[in-house]
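S.K.: I have a structure here, written as structure tokens, and I will follow up with some questions on it.
The values are calculated or read from the model by the stated rules, or taken from the named source; none is laboratory data. Predicted model only: the values in this text are computed from it and were never measured. Cβ placement follows ideal geometry from the backbone for every residue including glycine, while neighbour counts extend to all protein chains displayed.
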Amino acid sequence: MDAQDRDYLISQIYQVAANPSRLLTLRPLLARLADEGRLDGGESDLSYHFQQAERMLATSDDPAMDNRKASRDGTLLLNERLHVHEASALMARAEPDRPLPDWAWLPDRQAKDREILKEIATNDREQAIIQLLAGEESETPSPFLARRRNAAVPLIELQPVALRWDESCGAEFARDFALTGAEQAILREILMRGNLRQLAEDRGTSIGTVRNQLKRLLAKLAIGSQGELIALYGGYQDLHAVRTGADPAGADQAARRGEMIDGVELRVQFFGPKSGRPVLYFHPLFGGPFLPRGFEEKLLEREIRLIAPWRPYCGRNFEEETGQQMVEGFADRIAELLDRLEIEEADILAASGGTTFALSFAQRHGARCRQVVVAGPVIPIATSEELKLLGIGHRLPLQLARLMPAAMRMYVRAVLAKVHREQDASYLESFFRDAPADLAFIREPGNQLFLKKSILALFSEGYRCGTEELALHSSDWAALARGISAPVTILHGDQDRLATQSLVNSFASRNGFKMEGPVADTGSFLLFQRPQLVLDHLAPHNQAMT
């Protein structure tokens with residue numbers, strides 16, 4: 001490494017101790033040096049400086065672990081001129097000190113909603129619900145509760161409202177309030193696209209006709225605005241959720257329990273019907289033991305009971321060893337968990353970082369496994385040349401884990417600092433920038449919120465879930481995949497940058513696994529991008545064919 005690069009890096013390393021997220025600005029330089037082999041073995045001075053900076057960070061107030069920031073929910077703040085005071089995860093492209101972009105407003109509502117917000121700013125209105133678009137390519141608006149926040153400078157607080165159109169709930173709402181088909185379509189349009197003009201074009205009628213129908217709908221419900229209609233539907237949706245949740249045959253979504261096994265509190269999420277066929281889910285780091293909206297309904301349709309234990313150090317700080325010993329110990333605890341749940345055998349499902357844990361479980365407890373389905377794998381990387389084949393977002397943390405572990409640990413803290421400052425969208429975009437399918441997935445506002453909440457939950461007790469995963473996957477863990485008797489199927493996306501097609505094919509061939517793919521237009525989030533395909537492979541008839 002030349003003196004200029006080294007001096008620049010050293011000066012920046014100590015700035016990272018004051019602001020961990022600054023490390024991410026060094027990614028291009030670190031990646032170039034790692035790819036060129038100029039971090040290998042001899043750069044002990046850089047390792048020393050990273051270790052010193054890590055010690056400084058450990059003794060300072062770390063904003064990434066501030067629970068108050070962790071609890072922030074994507075609230076957008078505007079000033080009285082409707083300029084952005086503070087952006088949010090849902091509105092990451094809105095620039096501070098600039099007007100809220102034109103693309104954020106619904107075209108037919110911009111003038112009216114701006115007027116409403118100005119009334120809130122001047123205390124002429126207490127609150128309202130308005131809808132905004134989270135990005136230039138967004139088609140579905142997100143509802144926000146708008147209120148005045150009294151501070152040194154009066155601000156307008158726009159807090160996201162957890163609300164979505166649901167066909168079954170919408171049908172019950174229409175029945176209970178005696179809506180006509182046209183009125184139900186208007187309600188759906190307001191929640192799904194917020195574009196009455198487009199609805200009129202779809203119907204081949206005039207915008208005036210649609211607006212008159214909306215007025216009659218509001219009068220029928222004895223309310224005065226679209227915002228009140230959204231609020232009414234939101235309250236009804238909560239009631240609908242209580243109704244369906246009370247059904248003993250219902251989804252029992254996101255039920256959770258904890259089990260003390262070998263001195264470790266093992267947390268487990270459950271999804272799907274209690275009487276469903278058990279599927280043991282070894283989760284990824286992005287998404288955790290949770291599922292995005294709409295996935296649970298598919299489990300109900302397939303009568304699948306998904307059992308998702310939290311992986312080591314995720315949301316807990318019990319000592320669970322490191323490396324392959326950590327993986328094997330976790331596999332044995334999962335076998336004990338199945339005993340306590342009185343489950344003899346189960347299908348195994350894994351995604352990305354969960355691959356290693358799923359294969360280890362199948363290796364050590366093969367009699368408990370009907371089959372293993374891996375939706376988007378990680379694979380053991382034996383050489384630095386193989387590592388260079390991965391996308392930059394995936395390979396740099398692994399390179400740092402191999403060459404400078406202190407830098408890797410600070411990298412994880414840098415990512416968490418970004419997430420806590422609600423800059424996770426920009427980080428994820430840079431991470432997945434060379435995978436268009438994954439980029440499209442994370443740009444969906446609902447998926448952004450899903451990923452953010454899962455990351456905060458997994459890292460709520462510290463960083464080790466991230467650092468231990470990187471340390472594990474930077475090593476050659478091939479021994480954990482050998483000698484598995486249960487049938488193993490690997491589904492691989494054509495844009496998955498966690499592993500190239502050739503590396504996955506070689507890994508599957510060496511171990512006698514069935515390889516399917518590349519699956520078109522999918523990447524690391526294959527499980528969430530093509531859930532029907534994955535669940536098809538978990539169907540009983542598929543087991544008979546393997």
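S.K.: Conditions first: (1) crowded, with 17+ Cβ neighbours inside 10 Å; (2) in contact (Cβ under 8 Å) with a residue 12 or more places away in the chain; (3) acidic (Asp, Glu). GLU189 passes all but one, so which condition is the exception?
M.R.: Looking at each condition in turn, GLU189 falls short on (2).
S.K.: Applying the selection to region 304-315, what residues are in contact with a strand residue (DSSP E or B) (Cβ under 6 Å, 6 or more places away or on another chain) and either part of a loop (DSSP other than H, G, I, E, B) or farther than 13 Å from HIS283 by Cβ (or both)? Walk me through it before giving the result.
M.R.: Narrowing region 304-315 to residues in contact with a strand residue (DSSP E or B) (Cβ under 6 Å, 6 or more places away or on another chain): 304-310.
Hits for region 304-315 are ILE304, ARG305, TRP310.
S.K.: Report, by residue number, each residue of region 261-286 that is farther than 10 Å from ALA308 by Cβ, part of a strand (DSSP E or B) and at pLDDT 90 or above. Give the derivation first.
M.R.: Applying the first criterion (farther than 10 Å from ALA308 by Cβ) to region 261-286 yields 261-266, 272-278, 284-286.
Adding the requirement that they be part of a strand (DSSP E or B) leaves 261, 264-266, 277-278.
Hits for region 261-286 are ARG277, PRO278.
S.K.: For the subset of region 436-473 comprising residues that are assigned to a loop (DSSP other than H, G, I, E, B) and among the aromatic types (Phe, Trp, Tyr), which member is surrounded by the fewest Cβ atoms within 10 Å (Cβ to Cβ)?
M.R.: Filtering region 436-473 for residues assigned to a loop (DSSP other than H, G, I, E, B) gives 444, 459-463.
The next check asks that each one be among the aromatic types (Phe, Trp, Tyr); those that pass are 459, 463.
Numbers: PHE459: 26, TYR463: 18.
So the residue we want is TYR463.
S.K.: Turning to a different aspect of this structure: Within region 321-359, how many residues turn out to be more than 19 Å from PRO278 (Cβ to Cβ) and more than 21 Å from the chain's Cα centre (by Cα)? Before the answer, list the steps.
M.R.: The first filter runs over region 321-359 and keeps only residues more than 19 Å from PRO278 (Cβ to Cβ), leaving 321-329, 352-353, 355-356.
Checking which are more than 21 Å from the chain's Cα centre (by Cα) leaves us with 321-329.
Within region 321-359, residues that are more than 19 Å from PRO278 (Cβ to Cβ) and more than 21 Å from the chain's Cα centre (by Cα) number 9.
S.K.: Does any residue of region 157-179 turn out to be at pLDDT 85 or above and β-branched (Val, Ile, Thr)?
M.R.: Taking every residue of region 157-179 in turn, none turns out to be at pLDDT 85 or above and β-branched (Val, Ile, Thr).
S.K.: Output the residues belonging to region 362-386 that are in a loop (DSSP other than H, G, I, E, B) and either under 18 Å from ARG530 (Cβ atoms) or under 21 Å from the mean Cα position of the chain (by Cα) (or both).
M.R.: Looking only at region 362-386, we keep the residues that are in a loop (DSSP other than H, G, I, E, B), and these are 365, 378-383.
Passing the criteria: only VAL378.
S.K.: Consider GLU119 carefully, then state whether it is surrounded by fewer than 13 Cβ atoms within 10 Å (Cβ to Cβ) and not in a strand (DSSP E or B). I'd like the intermediate steps shown before the answer.
M.R.: Details: surrounded by fewer than 13 Cβ atoms within 10 Å (Cβ to Cβ): no; not in a strand (DSSP E or B): yes.
Against the criterion (surrounded by fewer than 13 Cβ atoms within 10 Å (Cβ to Cβ) and not in a strand (DSSP E or B)), GLU119 does not qualify.
S.K.: Here's something else I'd like to know. Run down ARG433, ARG409, ARG402 and say which single residue is touching a residue at least 24 places away in the same chain (Cβ under 8 Å), of a type in the set (D, E, K, R) and outside any helix (DSSP H, G or I).
M.R.: Numbers: ARG409 fails: outside any helix (DSSP H, G or I); ARG402 fails: outside any helix (DSSP H, G or I).
Matching residue, one of ARG433, ARG409, ARG402: ARG433.
S.K.: Determine which member of the set ALA362, ALA331 is of a type in the set (A, V, I, L, M, F, W, C), under 23 Å from ALA308 (Cβ atoms), in contact with a His (Cβ under 7 Å, 6 or more places away or on another chain) and assigned by TED's automatic domain parsing to the domain that holds LEU285. I'd like the intermediate steps shown before the answer.
M.R.: On the way: ALA362 fails: in contact with a His (Cβ under 7 Å, 6 or more places away or on another chain).
From the options ALA362, ALA331, the qualifying one is ALA331.
S.K.: What do you reckon, is GLY517 on the phi > 0 side of the Ramachandran plot, part of a strand (DSSP E or B) and either in the same structural domain as VAL327 (by TED's automatic domain parsing) or in contact with a Cys (Cβ under 9 Å, 6 or more places away or on another chain) (or both)?
M.R.: Yes, satisfied.
S.K.: Give me the pairs, please: first residue somewhere in region 516-538 and within 9 Å of HIS492 (Cα to Cα) and in contact (Cβ under 8 Å) with a residue 12 or more places away in the chain, second residue anywhere and in a helix (DSSP H, G or I) and of a type in the set (D, E, K, R), beta-carbon distance under 7 Å, and either six or more positions apart or on two chains.
M.R.: Sorted first by the residue in region 516-538, then by its partner, the pairs are GLY523/ASP438; SER524/ASP438.
S.K.: For ALA121, which of the numbered conditions (1) among the hydrophobic types (A, V, I, L, M, F, W, C); (2) closer than 29 Å to PHE441 by Cβ; (3) more than 32 Å from the chain's Cα centre (by Cα) fails to hold?
M.R.: If we test ALA121 against (1) among the hydrophobic types (A, V, I, L, M, F, W, C); (2) closer than 29 Å to PHE441 by Cβ; (3) more than 32 Å from the chain's Cα centre (by Cα), just (2) comes out false.
S.K.: Let me ask you something else. Can you name the residue in region 129-147 that is modelled with pLDDT of 80 or more and assigned to a loop (DSSP other than H, G, I, E, B) and, of all such residues, is nearest to LEU196 (Cα to Cα)?
M.R.: PRO141
S.K.: Here's another thing I want to ask about it. Can you tell me which of (1) of a type outside the set (A, V, I, L, M); (2) modelled with pLDDT under 95; (3) surrounded by fewer than 18 Cβ atoms within 10 Å (Cβ to Cβ) is the one CYS314 doesn't meet?
M.R.: Looking at each condition in turn, CYS314 falls short on (3).
S.K.: Also, quick follow-up: Here are LEU349, LEU359, LEU389, LEU396: which of them is within 28 Å of GLN529 (Cα to Cα) and part of a loop (DSSP other than H, G, I, E, B)?
M.R.: On the way: LEU349 fails: part of a loop (DSSP other than H, G, I, E, B); LEU359 fails: part of a loop (DSSP other than H, G, I, E, B); LEU396 fails: part of a loop (DSSP other than H, G, I, E, B).
When all the criteria are applied, what remains is LEU389.
S.K.: Now a separate question. Being of a type outside the set (Val, Ile, Thr), buried (at least 16 other Cβ atoms within 10 Å of the Cβ) and in contact (Cβ under 8 Å) with a residue 40 or more places away in the chain is the filter here, so list the residues in region 134-148 that pass it.
M.R.: ALA134, GLY135, SER138, PRO141, SER142, PRO143, PHE144
S.K.: Look at LEU400 and say whether it is on the phi < 0 side of the Ramachandran plot and more than 14 Å from the chain's Cα centre (by Cα).
M.R.: Numbers: on the phi < 0 side of the Ramachandran plot: yes; more than 14 Å from the chain's Cα centre (by Cα): yes.
So LEU400 passes the test.
S.K.: Return yes or no: is ASP476 in a loop (DSSP other than H, G, I, E, B), touching a strand residue (DSSP E or B) at 6+ places or on another chain (Cβ under 9 Å) and among the charged types (D, E, K, R)? Before you say what the answer is, go through the steps one by one.
M.R.: On the way: in a loop (DSSP other than H, G, I, E, B): yes; touching a strand residue (DSSP E or B) at 6+ places or on another chain (Cβ under 9 Å): no; among the charged types (D, E, K, R): yes.
For ASP476, the condition - in a loop (DSSP other than H, G, I, E, B), touching a strand residue (DSSP E or B) at 6+ places or on another chain (Cβ under 9 Å) and among the charged types (D, E, K, R) - is not met.
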